[in-house]
């Protein structure tokens with residue numbers, strides 16, 4: 001990844017621009033503290049307390065549509081960078097690492113144990129270590145950057161799917177269980193595997209009849 005050269009000033013601006021940023025900056029610690037508090041409250045609620053859960057999700061997420069359910073337990077970093085459309089079902093044990101924006105469209109199914117990761121680090125150790133890092137000081141030793149994830153309208157992510165930073169999954173696409181999505185998936189595609197690859201196109205008539213798995 002290229003060195004930081006943009007006009008971003010704050011660590012938050014660097015983060016959202018996809019540049020290296022200090023993930024231990026005060027602003028991110030404040031985000032995490034608030035999120036942990038809201039998640040504790042959310043997980044303490046019973047299944048039947050849907051109204052109370054909806055109110056917490058409105059506080060937690062950057063944006064949320066109507067008819068949205070998020071199973072317990074649910075884990076996220078900041079919450080504020082998660083945007084959900086209408087008619088979205090997120091099953092239990094999902095993890096959204098929303099250091100950058102995660103956008104999920106309308107009519108989307110997210111199965112259990114799905115993981116969405118916007119944060120990443122350089123592959124080469126020489127690039128991954130923070131320049132001038134001092135092990136005796138309270139500093140984070142590793143460079144971090146984050147790229148947005150977008151999941152289009154009408155998508156279905158099977159159980160245990162992992163989506164990596166910067167990936168867009170096109171409208172109407174289905175990702176098979178256990179897949180690791182490393183690159184963009186075009187719309188109306190059935191894709192699966194590690195790394196995830198397109199198997200075939202999905203006919204919209206098949207989608208309506210349920211023959212898409």
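The values are calculated or read from the model by the stated rules, or taken from the named source; none is laboratory data. Because the structure is a prediction, the values reported are computed rather than measured. Here the Cβ positions follow ideal geometry from the backbone for every residue, glycine too, while neighbour counts run over all protein chains shown.
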Test: residue 68 is more than 22 Å from residue 121 (Cα to Cα), without any contact (Cβ under 8 Å) to a residue 60 or more places away in the chain and within 15 Å of the chain's Cα centre (by Cα): no
Residue within segment 61-71 that is closer than 30 Å to residue 142 by Cα, buried (at least 16 other Cβ atoms within 10 Å of the Cβ) and in contact with a helix residue (DSSP H, G or I) (Cβ under 8 Å, 6 or more places away or on another chain) present: no
Residues (in a helix (DSSP H, G or I) and touching a helix residue (DSSP H, G or I) at 6+ places or on another chain (Cβ under 9 Å)) located in segment 17-30: 26, 27, 28
Total residues in segment 108-131, condition over 13 Å from residue 21 (Cα atoms) and over 16 Å from the mean Cα position of the chain (by Cα): 5
Where residue 150 falls short, out of the listed (1) outside any strand (DSSP E or B); (2) touching a residue at least 12 places away in the same chain (Cβ under 8 Å); (3) surrounded by fewer than 21 Cβ atoms within 10 Å (Cβ to Cβ): (1)
Condition check for residue 79: closer than 11 Å to residue 104 by Cβ, under 15 Å from the mean Cα position of the chain (by Cα), crowded, with 17+ Cβ neighbours inside 10 Å and in contact (Cβ under 8 Å) with a residue 40 or more places away in the chain: no
Close pairs (7 angstrom Cβ cut-off, 6 or more residues apart or separate chains): at positive phi in segment 184-203, surrounded by fewer than 14 Cβ atoms within 10 Å (Cβ to Cβ) and outside any strand (DSSP E or B) anywhere: 188/204
Any chance residue 198 is closer than 19 Å to residue 94 by Cβ and modelled with pLDDT of 95 or more: no
Some residue of segment 109-116 being in a strand (DSSP E or B) and buried (at least 20 other Cβ atoms within 10 Å of the Cβ): yes
Filter result (over 19 Å from residue 154 (Cα atoms) and part of a strand (DSSP E or B)) within segment 39-94: 74, 75, 76
Among residues of segment 117-131, those that are touching a residue at least 12 places away in the same chain (Cβ under 8 Å) and outside any loop (DSSP other than H, G, I, E, B), counted: 6
